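The values are calculated or read from the model by the stated rules, or taken from the named source; none is laboratory data. This structure is a prediction, so every number in the text was calculated from the model and none was measured. Cβ atoms come from the backbone with ideal geometry, glycine included; neighbour counts cover every protein chain shown.
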Amino acid sequence: DTSETTFKRVLLKISGEALMGDQGYGLHPPTVERIAREVKSVHDMGVEICMVIGGGNIFRGLAGSAQGMERTTADYMGMLATVMNALAMQSALEGIGVYTRVISAIRMDEVAEPYIRRRAVRHLEKKRVCIFAAGTGNPYFTTDTAATLRANEMACEAIFKGTKVDGVYDKDPMEHDDAVRYETVSYDDCLAKNLKVMDASAIALARDNNLPIIVFSLDEPGGFKGILAGRGTFTRVQ
Ligand code: UDP
């Protein structure tokens, strides 16, 4: 129930790699289902949920262009990869009784709804999880920027960035035992110290609109719900 949290509408951003499990590539359905259950537990609290999922488990524009592909074409392929991930998440969520809409920034009406802001807001009001696919629809952007853009447009109170680690550290905690996690960190420090939170355009867009980014671990069972209820460890970028 909503008394467990102060949040009414949030956006969950996960990378495509969060869906690949230990396979190293593509989609791992049990992992998608696990994350879907995390989303359901927050949905059950009455929170309105937007999602943006990356595409890096399938294709990244930069990787394609490094191998000689034309950059914008490679980026469109990356955006299409995010649509596949969104459809996988839709299937997993609906399999456990959560109604969803996949809303694509690139028109493909047989597969997903086109992005119409007021319509998306209405879906949220009706407690449908809105999965925003195809990034911003523009090459040279990332799904981090898409997440910040949609969170602003949907008037979300915060972006929840689910990662492998439980926050933002002063150095890579996977490599350094003495890495220290920030409780809070400013947007400007993220940019100046090049902390690995989101890419610079996404952080700047969040900063300019006072949109907090909460970085937490998606590997922790019950973690997403806990963070929304004010428990667990995380970093708040503000
Ligand atoms: N992409 C893009 N414009 C966008 C969002 C994504 O061109 O607005 C492309 C870009 O090539 C990117 C790929 O889609 O590499 C996958 O997205 P991203 O790298 O953000 O995925 P993640 O790292 O979160 O899995």
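Does the range 51-66 hold any residues that are in contact (Cβ under 8 Å) with a residue 12 or more places away in the chain and either more than 15 Å from the ligand (Cβ to nearest atom) or farther than 18 Å from V83 by Cβ (or both), and which are they? Steps first, answer last, please.
Here is the first cut: in the range 51-66, the ones in contact (Cβ under 8 Å) with a residue 12 or more places away in the chain are 51-62, 64.
Across the range 51-66, the qualifying residue is only L62.
Would you check if A147 is farther than 30 Å from I96 by Cβ, out of contact with any Ser or Thr (no Cβ under 7 Å at 6 or more places or on another chain) and of a type outside the set (F, W, Y)? Walk me through it before giving the result.
Details: farther than 30 Å from I96 by Cβ: no; out of contact with any Ser or Thr (no Cβ under 7 Å at 6 or more places or on another chain): yes; of a type outside the set (F, W, Y): yes.
It is false that A147 is farther than 30 Å from I96 by Cβ, out of contact with any Ser or Thr (no Cβ under 7 Å at 6 or more places or on another chain) and of a type outside the set (F, W, Y).
Among D188, D219, which is the only one that is surrounded by fewer than 20 Cβ atoms within 10 Å (Cβ to Cβ), charged (D, E, K, R) and under 18 Å from the mean Cα position of the chain (by Cα)? Lay out the reasoning, then the answer.
Working: D188 fails: under 18 Å from the mean Cα position of the chain (by Cα).
Of the residues listed, the single one that is surrounded by fewer than 20 Cβ atoms within 10 Å (Cβ to Cβ), charged (D, E, K, R) and under 18 Å from the mean Cα position of the chain (by Cα) is D219.
So which of G26, G46, G78 ends up being surrounded by 17 or more Cβ atoms within 10 Å (Cβ to Cβ) and touching a residue at least 24 places away in the same chain (Cβ under 8 Å)? Before you say what the answer is, go through the steps one by one.
Numbers: G26 fails: surrounded by 17 or more Cβ atoms within 10 Å (Cβ to Cβ); G46 fails: surrounded by 17 or more Cβ atoms within 10 Å (Cβ to Cβ).
Sole residue among the options that is surrounded by 17 or more Cβ atoms within 10 Å (Cβ to Cβ) and touching a residue at least 24 places away in the same chain (Cβ under 8 Å): G78.
With respect to R107, is the statement that it is within 16 Å of the ligand (Cβ to nearest atom), more than 23 Å from M20 (Cα to Cα) and in contact (Cβ under 8 Å) with a residue 40 or more places away in the chain true? Reasoning before the result, please.
On the way: within 16 Å of the ligand (Cβ to nearest atom): yes; more than 23 Å from M20 (Cα to Cα): yes; in contact (Cβ under 8 Å) with a residue 40 or more places away in the chain: no.
No: the conditions fail for R107.
Taking into account only those residues within the range 73-87 that are of a type in the set (S, T, Y) and near the ligand (Cβ under 8 Å from one of its atoms), which is farthest from the chain's Cα centre (by Cα)?
Initial filter on the range 73-87 (of a type in the set (S, T, Y)): 73, 76, 82.
With near the ligand (Cβ under 8 Å from one of its atoms) added as a condition, the list becomes 76, 82.
Working: Y76: 19, T82: 11 Å.
Here the residue is Y76.
Any idea which of A92, A158, A88 is among the small types (G, A, S), in contact with a Pro (Cβ under 9 Å, 6 or more places away or on another chain) and under 19 Å from F7 (Cβ atoms)? Don't jump to the end; show me each part of the working.
Working: A92 fails: under 19 Å from F7 (Cβ atoms); A88 fails: under 19 Å from F7 (Cβ atoms).
Sole residue among the options that is among the small types (G, A, S), in contact with a Pro (Cβ under 9 Å, 6 or more places away or on another chain) and under 19 Å from F7 (Cβ atoms): A158.
Restricting to the range 1-23, count the residues that are surrounded by fewer than 19 Cβ atoms within 10 Å (Cβ to Cβ), in contact with a Leu (Cβ under 8 Å, 6 or more places away or on another chain) and modelled with pLDDT of 95 or more. Can you show your working first?
So in the range 1-23, the residues surrounded by fewer than 19 Cβ atoms within 10 Å (Cβ to Cβ) come out as 1-6, 8-9, 17, 21-23.
Keeping just the survivors that are in contact with a Leu (Cβ under 8 Å, 6 or more places away or on another chain) gives 4-5, 9.
Keeping just the survivors that are modelled with pLDDT of 95 or more gives 9.
The qualifying residues number 1.
Please go through the range 132-141 and pick out each residue that is near the ligand (Cβ under 7 Å from one of its atoms) and within 11 Å of the chain's Cα centre (by Cα).
G135
List, please: which pairs have Cβ atoms under 8 Å, are six or more places apart or on different chains, and start with a residue in the range 3-23 that is within 16 Å of the ligand (Cβ to nearest atom) and end with one that is among the aromatic types (F, W, Y)?
From residues that are within 16 Å of the ligand (Cβ to nearest atom), the pairs are L11/F160; L12/F160; L12/F224; K13/F160.
Keeping to the range 114-142, report how many residues are of a type in the set (A, V, I, L, M, F, W, C), assigned to a loop (DSSP other than H, G, I, E, B) and surrounded by 13 or more Cβ atoms within 10 Å (Cβ to Cβ). Give the derivation first.
Of the range 114-142, the ones of a type in the set (A, V, I, L, M, F, W, C) are 116, 120-121, 124, 129-134, 141.
Still in the list and also assigned to a loop (DSSP other than H, G, I, E, B): 116, 134, 141.
From what is left, the residues that are surrounded by 13 or more Cβ atoms within 10 Å (Cβ to Cβ) are 134, 141.
Number satisfying all stated conditions: 2.
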